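Contents: one structure, followed by commentary.
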Amino acid sequence: MLKSFLRQYWLTGAATIAVVASAAYYVAIGEPDNFQNVKKSKNKSRNKLAGLVNEGNTCFINTTLQALASCPIFIWWIDSILEKPSSDAAGNCLETTSSLNLTMAVINNQHPTISADLFNTRQLIQSLEKHGWNLKSEEQDAHEFFNMLFTTIDEEINKKSKIVKGISIDDEQDTTTVCQSISSSPFRGNLASQLCCLTCGHKSVRYDAFECLSIPLPKLDMRNAFTMLNVQGLLKQFLAAETVGEVQCDNCSVTNGKIVFMKQLSLGKLPQCLCLHIQRCDWTNAGQLTKRQDLVKFSEELNVGNVVYTNRLSGNLKPVTYRLRAVVEHLGMADSGHFVTFRRNAVDGRAKWFYTSDTYIRTATLEEVLKSSPYMLFYERCA
């Protein structure tokens with residue numbers, strides 16, 4: 001129900017809020033020099049997406065931003081962070097978050113004043129470098145950038161929280177007791193890790209947060225190099241039960257010492273936006289890094305009901321469905337190549353797919369999207 005409301009809210013009103021927030025930031029910092037071919041028009045078309053300039057091996061940044069810009073719930077969350085009342089000092093802490101919001105508003109053609117055919121990420125890159133990230137080295141990775149971006153956003157909103165509360169924090173002070181609780185991103189979920197003692201049956205559960213699930217490919221079978229894989233099967237294999245030896249049992253350790261446990265992973269807390277990373281890089285026996293070219297099938301809808309922790313406990317595997325929003329594809333080999341994105345966008349109230357490669361954008365068909373070789377998949381939970 002909430003998801004339906006947010007989807008309707010985005011299509012009707014949240015876009016307006018997003019662009020107002022971006023405009024406020026734009027006015028505050030002055031006209032940025034980080035866009036090209038900018039035209040200001042009151043009657044611009046809302047059906048055209050903007051491409052992103054490659055600043056020198058920055059396709060891994062561009063492709064991730066296009067994917068995130070296809071997720072309305074994520075954009076709504078960023079807007080909500082920027083709209084919260086704060087002091088001037090706190091507002092200045094959100095430089096990366098604000099730059100991200102501005103960039104996504106422009107490439108989605110939802111900014112009230114900036115209408116760009118091409119836009120660059122220089123301002124966002126500079127804000128990330130202020131947090132200590134090095135984005136000017138050799139080729140980097142879209143998955144690494146995704147993690148880098150979310151780590152930085154977490155740092156900014158937590159720093160903002162401390163300033164708003166008026167607490168002076170020393171760098172060496174333990175801040176765990178003074179940090180205000182911040183609503184987590186729609187990509188934040190929890191893995192439930194259940195351990196069951198095979199001697200006495202004692203069970204314990206631990207929850208670990210994630211923003212993106214990194215799914216390994218099965219060991220390559222040289223006798224059958226053309227095995228067809230699918231995302232549903234890979235996810236099930238990733239969360240499959242396994243035995244773990246030499247574990248201390250709190251219930252029967254007095255008599256048995258370290259014994260064998262059964263470990264079962266499940267999806268504990270479900271994120272609103274689900275990001276899956278297919279681990280295609282592997283090491284050969286000779287110690288060389290190589291890229292797996294396995295064919296991995298995926299669908300427009302993903303049902304994860306059979307790997308949800310509460311479903312498994314109750315034995316009721318009710319469906320939990322996510323809808324595809326974007327696919328990041330890597331073209332090339334392990335040490336070189338290019339990232340592109342297939343992304344979904346609303347056009348005249350209807351969903352339409354686009355292929356984006358830096359500054360180049362064209363329409364695409366769902367059939368073409370589903371034939372791509374996924375490196376990262378972005379899903380959004382259905383109502």
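Every number here is computed from the coordinates shown, using simple stated rules; none is lab data. Everything numeric in this text was worked out from a predicted model, so none of it was measured. For neighbour counting, all protein chains shown are included, and Cβ atoms are generated from backbone atoms with ideal geometry for every residue, glycine included.
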Inset, instruction - Report the FRET efficiency, 1/(1 + (r/R0)^6), for LEU270 and LEU195, where r is their Cβ-Cβ distance and R0 is 22 Å, rounded to 0.05. - result: 0.55
Inset, instruction - Would you mind working out the magnitude of the charge dipole of segment 238-354 relative to its Cα centre, with +1 at each Lys and Arg C-beta and -1 at each Asp and Glu C-beta, to the nearest 20 Debye? - result: 460
Legend entry - Translational diffusion coefficient (Stokes-Einstein; Kirkwood radius from C-alpha pairs) of segment 234-326 at 20 °C, 1.002 mPa s, in µm²/s: 128
Legend entry - Sites LEU317 and GLN279, calculated FRET efficiency, Cβ-Cβ separation with R0 35 Å, nearest 0.05: 0.85
Inset, instruction - Return the subset of LYS48/LYS136; LYS219/LYS371; LYS263/LYS318; LYS136/LYS291; LYS291/LYS318 for which the Cα-Cα distance in this structure is over 27 Å, preserving the input order. - result: LYS48/LYS136; LYS291/LYS318
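Roughly speaking, what is the stretch gain from MET262 to GLU300, that is 0.36 nm per residue apart minus the C-alpha to C-alpha distance, in nm to one decimal?
Working: separation 38, 0.36 × 38 = 13.68 nm, distance 3.35 nm.
Once the chain is fully extended between MET262 and GLU300, it gains 10.3 nm.
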Legend entry - For segment 282-353, alpha-carbon Rg and Dmax in angstrom: 18.2, 54
Legend entry - Spacing of the two label points (7 Å from each Cα toward its C-beta) at ARG362 and ARG122, in nm: 3.0
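Compute the FRET efficiency between LYS352 and HIS131 as 1/(1 + (r/R0)^6), taking r as their Cβ-Cβ distance and R0 = 35 Å, and round to the nearest 0.05.
Once rounded, the FRET efficiency stands at 0.50.
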Inset, instruction - Quickly work out the ASN54-to-ALA286 label distance, labels modelled 7 Å from Cα along the C-beta direction, and quote it in nm with one decimal. - result: 2.8
